[in-house]
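Throughout, read-outs are computed from the coordinates displayed, never taken from laboratory work. Remember, predicted model here, so these are calculated numbers, not experimental data. Heads up, the Cβs are rebuilt from the backbone with ideal geometry, glycines too, and the neighbour counts pull from every protein chain shown.
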Amino acid sequence: MKLNENYWESRYQHQQTGWDIGYISTPLKTYVDQLTKKDLRILIPGGGNGYEAAYLFEKGFPHVYLLDWATAPLQAFQQQYPHFPKKQLLHKDFFTLEGSFDLIIEQTFFCAILPQQREDYARKMVDLLRPNGKLVGVLFNIPLNTHQPPFGGNKKEYQPIFKPYFEFQYFEECYNSIPPRAGNELFILLKKSVENN
């Protein structure tokens, strides 16, 4: 399976976006609501329709970067939020991205890449984070598909992927998932380890 730009563009064009709940998820909203440092450089990879980016931007975080391989969601986002800086809408492959960020938000991106790319994902995340930067978000906590995204897994499978690069500040089942996902999500708050700074 080639999960390339054309694949994701087709999913959006045909509205095959079952992961899209239509708003920022409760676990991420709760986390964002307690952030006080407004000048953080924040990346949202595989951000799709950008609910998290919109919420952060409207809360006064000016340095939010929304990345996706598909153009359709980025164009729709730009039309809906014309004041969002166009240069902060990144149309590219995450694994080719360069830059540095204080915070990376994970929302359905990890489950959208092939499972064999997960170690590359962890390495890339740590490369993109500034010293003491954080990877924060939600991972599915259930076996999903093996033939197409979303791909699932569990805490026991995930932790060894992140352990070489991050300190686990929180890696537990979400207490505030939306009802259809209750018990099926893990919230992660991972800090770039000292060895990787």
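Let me check against my output: what whole-number percent is the relative contact order of the chain, with C-alpha pairs under 8 Å and at least 6 apart?
Working: 347 pairs, mean separation 37.9, N = 197.
That works out to 19 percent.
In region 42-196, taking the dipole from charged Cβ atoms about the Cα centre, the farthest positive-side position among Phe57, Thr96, Phe162 is held by Phe57.
Residues whose amide H comes within less than 5 Å of that of Tyr65, counting only those at least five positions distant or on another chain, are Ile42, Leu43, Ile44 (H built at 1.01 Å from N in the peptide plane). Taking amide hydrogens as placed 1.01 Å from N in the peptide plane, the amide H of Lys59 sits under 5 Å from that of no residue at least 5 positions away in sequence or on another chain. In order along region 189-197, the Karplus-derived 3J(HN,Hα) couplings, from 6.51 cos²θ - 1.76 cosθ + 1.60 at θ = phi - 60°, round to 10, 10, 9, 3, 6, 4, 4, 9, 6 Hz, and Gly and Pro are given as x.
Please report, in debye to the nearest 20, how large the charge dipole of the chain is about its Cα centre when each Lys and Arg carries +1 at its beta carbon and each Asp and Glu carries -1 there. Before the final figure, lay out the partial values.
Details: 21 positive and 21 negative charges, 48 e Å.
Charge dipole of the chain: 240 debye, to the nearest 20.
Phi-derived couplings, Karplus 6.51 cos²θ - 1.76 cosθ + 1.60 at θ = phi - 60°, listed residue by residue for region 103-120: 8, 10, 9, 9, 8, 6, 7, 4, 7, 8, 9, 4, x, 6, 9, 5, 5, 4 Hz, with x used for Gly and Pro.
Given the DSSP H assignment, sum -39500 (n - 2.57) over each helix run of at least 4 residues in the chain and divide by its residue total; what's the result at 222 nm in deg cm²/dmol, nearest 500? Each step should come with its number before you reach the end.
Details: 6 runs with 54 residues, N = 197.
One gets -7500 deg cm²/dmol as the mean residue ellipticity at 222 nm.
For the chain, the residue among Asn145, Leu3, Tyr175 whose Cα projects farthest onto the positive side of the dipole built from Cβ charges is Tyr175.
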